[in-house]
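J.: Can you read through this structure? Questions will come right after.
Nothing in this text is a laboratory measurement; each read-out follows from the coordinates by a stated rule. The model shown is predicted, which means the values in this text are computed figures rather than measured ones. Note that we place each Cβ from the backbone using ideal geometry, even for glycine, and neighbour counts take in every protein chain shown.
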């Protein structure tokens, strides 16, 4: 700044000095505008109270074998199903190369708790909630879940077996607090 | 005036668009080449500053509205959620909150400049009247915005101000009930105030557009109050005034930032941190500082309807200013008596503001009445009379070659011509 | 610079001088209207443009709130998770939250149940509603303390003054039943009995629990509760103002360059 002021009486090099000064000033102003924009943009991200509601505890004891329940976690349905021995076996015996999104069943359950499958109940196609958690629901050809919107089908491990969904049902982060209690989130 | 032909744009896309929709020509003509008197002082920054303040208010307001809940049971809590949980919510709210005050500061200085340098005189009467309309819309917007946090001052301010309309005979009561949407200020009132508070700023933007359009017909006034005589008296708006306005804007933003970050509650009343309680009025109800002078006028008149009429009249009167001032000379620089009276008006309004902040008792009542009297005396009596009686100082020949410089300071009486020529000060 | 000079010159002119000399003595006459004792001023850690909260004091203050104030005063806008702001760690916060029972929705047969608090819960209020609070407090309503510091003229100083302002009423003053004398409370009669005395709490960090110390600690906690964003705000502010000063300098230099050829 001092330099710019001192040269104000020198006609030579005026253009370049001004251009340089204009460039720095303009760039600084742009930086300032960017700094103003960020708080506004960030205000639309999840707020602290939304983030704080990240966990829910589920009691598994009342869920009979072969049936499931739906709980809400972060505003989304989470399927918790108590699988039968036959369902577990089917899920484990599938050839991985037959799958659209290959993943062994053992990666989708907690060790020692293979009878419990916990899934985010959102079809990976366009976000509908698949049917199959209630005993009266259609479960599709693979005994898992069936999405009414575009006909995607999932097996008892929540893996997609029939399109158009591209990926398996997602698994939320959860831990077993004890044998009959899990904490999601 | 620099006329531009479409072919002058370098970029072919710009040329293509401009041939079909001449926005670039318009911008070039109105904001770049626009010939502007070269002798502006820094008072001429405040139009641009006020515009930026308006934009800041709209921008922060839009983001606040994403988290604010216009419901009497939830509004106060939602504001607390904005302050505590929403990312940068505290910053956005404090900018909006203090922004209202900063906007009014800028506009009041802008209005003072208009009065002091006679910017309302022919041919700028409509320009001025649009400005008064903007002020009026701003006051309505600010008042409704103040209600939204649903604190004690919000609630009781809304009650008192809406009750002003009950002063009108016959229809008064019905008007107030209609404004409230019920039998007291309540949820329906809050909902409509939120709706209108969101709407009015965009109407202000439209009126600002007209204000600027009118300005670009007549061109800007200047500290000497004489019309430019030719190109030697003007400079193109860009870069000369874009850069000068930027300097003023930066200083304004520094002041703004100091309030937002270091004294965010400087302008606010502690009572508004208490949730609205329809069963208990706070011991003292005061509006925001920018409305205090009008509030003082309201309370200075012992009659209810009279007070309301005087208060609205104090703004309404400004619409007629171009015709109340009978002097052909614009700038107070060359009007010794007018200059003194204008400064007296400034003090008068400050006194009114102080009076408005105090309970009307004892000497405050007297001060309020004297100040109210001068306010109306200035516009209705003094202005028309001194326009005829005052002998203005000799006007300079042109902006770039002023023959006769203004006399400095005191005096007060008309001064005979023939003051020594002085070089014109650079803006 | 110039407009400033002009302003000063104008101010000196005879008419204005007359007005000022007429108005100023007025002001002092007006000021005599109110007769409240001036508040004692404490050097708070959170004052000034660089002030931050003394977290140790705020934690002691939370202890006082939890053990004493919370028996009557709610803090509805605070969550247990917010306590990380005064330096408590996650386990401490979980333990504090779990020490209260909060409504937990309904059980399978539709009956309302309670559960231990979680960090995401708001501070548990001592009374379910205003009527219950009044009934338990001799008809007075203990105000919510979340933003009490912002909701009182004088802020932190005022609350400190109230907490330390109890004494016997002056001779001849008759107190209403159930009221206490407090020289800083408007009207000097307050429904809240003196909440803090020397030794009201035991501090784990060995600080001596004098009345003044306790008042200072709890006010520090309440100031934090009212403006938890303050430290971040001031730090951001320093950066913003420095940036704007730089930008002003640059813009002014550019303005001088641009205007150099205009006379």
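J.: Taking neighbour counts of Cβ atoms within 10 Å as a proxy for exposure, in what order, fewest first, do C:108, A:42 appear?
T.: Details: C:108 8, A:42 15.
By the 10 Å Cβ count, ascending, the order reads C:108, A:42.
J.: Return the single residue from C:89, C:129, C:107 with maximal mean-square fluctuation; model: Gaussian network over chain C, springs between Cα atoms under 10 Å.
T.: C:107
J.: Compute the Kirkwood hydrodynamic radius of chain C, taking the inverse of the mean of 1/r over all pairs of distinct Cα atoms, and give it in Å to one decimal. Walk me through the numbers on the way to the answer.
T.: Working: mean 1/r = 0.0436 Å⁻¹.
This gives a value of 22.9 Å.
J.: Length gain on complete extension for the stretch residue B:305 to residue B:14, per 0.36 nm per residue less the alpha carbon to alpha carbon distance? Intermediate values should be presented prior to the final figure.
T.: Values: separation 291, 0.36 × 291 = 104.76 nm, distance 5.86 nm.
Between residue B:305 and residue B:14, full extension yields 98.9 nm more.
J.: Let me ask you something else. Where does the stretch A:51-184 land on Rg/Rh, using Cα atoms and the Kirkwood Rh? Before the final figure, lay out the partial values.
T.: Values: Rg = 13.8 Å, Rh = 14.8 Å.
Rg/Rh for the stretch A:51-184 comes to 0.94.
J.: Now, a different point. Starting from the 7 Å offset along Cα-to-Cβ, what nm value, one decimal, do you get for the label separation of residue C:113 and residue A:31?
T.: About 5.7 nm, to one decimal.
J.: Using Cβ counts within 10 Å as a stand-in for footprinting exposure, how do B:361, B:354, B:284, B:125 rank, fewest first? The partial results should precede the final answer.
T.: On the way: B:361 9, B:354 20, B:284 13, B:125 17.
Ordered by Cβ neighbours within 10 Å, fewest first: B:361, B:284, B:125, B:354.
J.: Continuing with this model, one more query. How would you rank C:227, A:65, A:90, going from fewest to most other Cβ atoms within 10 Å of each one's own Cβ?
T.: On the way: C:227 21, A:65 11, A:90 18.
In order of increasing Cβ crowding within 10 Å: A:65, A:90, C:227.
J.: Sorted from largest to smallest, which semi-axis lengths in Å does the alpha carbon gyration tensor of the stretch B:50-203 give for its equivalent ellipsoid, taking the root of 5 times each eigenvalue? It would help to have the intermediate numbers written out before the result.
T.: Numbers: eigenvalues 166, 113, 24 Å².
Computed over the stretch B:50-203, the values are 29, 24, 11 Å.
J.: Counting only helical runs of four or more DSSP H residues, what would the 222 nm mean residue ellipticity of the protein assembly as shown come to if each run contributes -39,500 (n - 2.57) and the total is spread over all its residues? Walk me through the numbers on the way to the answer.
T.: Numbers: 28 runs with 405 residues, N = 875.
The helix-only estimate for the protein assembly as shown comes to -15000 deg cm²/dmol at 222 nm.
J.: What is the P(r) of chain B, as percent of Cα-Cα pairs per 10 Å bin from 0?
T.: 4, 18, 27, 25, 16, 8, 2, 0
J.: So how many Å³ per residue does the convex hull of the Cα atoms of the protein assembly as shown work out to?
T.: Working: hull volume 220.2 nm³, N = 875.
Here the figure is 252 Å³ per residue.
J.: Oh, and also: Extending each Cα 7 Å along its Cβ direction at residue A:136 and residue C:135, get the distance between those two points in nm, one decimal.
T.: Simple spin-label model gives 4.5 nm for this pair.
J.: Please tell me the relative contact order of chain C in percent, rounded to the nearest whole number, where contacts are Cα pairs under 8 Å and at least six residues apart.
T.: Details: 288 pairs, mean separation 57.1, N = 263.
For chain C, the relative contact order is 22 percent.
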